[in-house]
Amino acid sequence: MPDRLIGVFPMPLAVRLVRYVYARWRRQSGPGWTKVGVLKRDRNRCGYCGAAATTVDHIAPRSRGGANSWVNTVAACYGCNQAKADRTPAEAGMRLRITPAAPTWASLAR
Ligand SMILES: [Zn+2]
């Protein structure tokens, strides 16, 4: 029981939905991986040189079992993507400027 009653109201005949909050977190913990999502997460900046990114690089190459996942992909410019090719950053002598991580819905909405 509440410790103070603030009024007496008639029982409503209908309840109107004013705002619907889609509970995405009930389906999965965060947004699923997409190339567009990676570019958005990295603000269209190349993970290697900071230039405008146009592609998505697989840190561990696809051809060698690298996954399509948030932590294995970074936005990349055409030049860096070509230079790195089918190698890991260490093999290519390239350094990542960011540590890729799974984004939140809120961070991708910006
Ligand atoms: Zn680059």
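Just to be sure, is Ala76 within 12 Å of Met94 (Cβ to Cβ), out of contact with any Pro (no Cβ under 7 Å at 6 or more places or on another chain) and either modelled with pLDDT of 95 or more or more than 10 Å from the ligand (Cβ to nearest atom) (or both)? In short, yes.
Here's the yes/no breakdown for (1) under 24 Å from Ala109 (Cα atoms); (2) within 16 Å of the ligand (Cβ to nearest atom); (3) open to solvent by less than 100 Å² (accessible area, probe 1.4 Å):
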{"site": "Gly32", "(1), (2), (3)": "yes, no, yes"}
{"site": "Lys40", "(1), (2), (3)": "yes, no, yes"}
{"site": "Gly65", "(1), (2), (3)": "no, no, yes"}
{"site": "Trp70", "(1), (2), (3)": "yes, no, yes"}
{"site": "Gln82", "(1), (2), (3)": "no, yes, no"}
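Filtered by the rule that a residue be assigned to a helix (DSSP H, G or I) and under 14 Å from Leu39 (Cβ atoms), the range 60-79 gives Trp70, Tyr78. For the range 42-58, filtering for residues that are in a loop (DSSP other than H, G, I, E, B) and surrounded by fewer than 19 Cβ atoms within 10 Å (Cβ to Cβ) leaves 6.
With the structure loaded, tell me whether Val36 is among the β-branched types (Val, Ile, Thr), assigned to a helix (DSSP H, G or I) and without any contact (Cβ under 8 Å) to a residue 60 or more places away in the chain or whether it fails that test. The answer is yes for Val36. Only one of the numbered conditions (1) open to solvent by 20 Å² or more (accessible area, probe 1.4 Å); (2) in contact with a strand residue (DSSP E or B) (Cβ under 7 Å, 6 or more places away or on another chain) is not met by Ala23, and that is (2).
The values are calculated or read from the model by the stated rules, or taken from the named source; none is laboratory data. Computed from a prediction, not measured in an experiment: that's the story for all the values here. Every residue, glycine among them, receives a Cβ derived from its backbone with ideal geometry; neighbour counts consider all protein chains shown. Remember, those area values only see protein heavy atoms, side chains included, never the ligands or the DNA or RNA. Shrake-Rupley method; radii C 1.70, N 1.55, O 1.52, S 1.80 Å.
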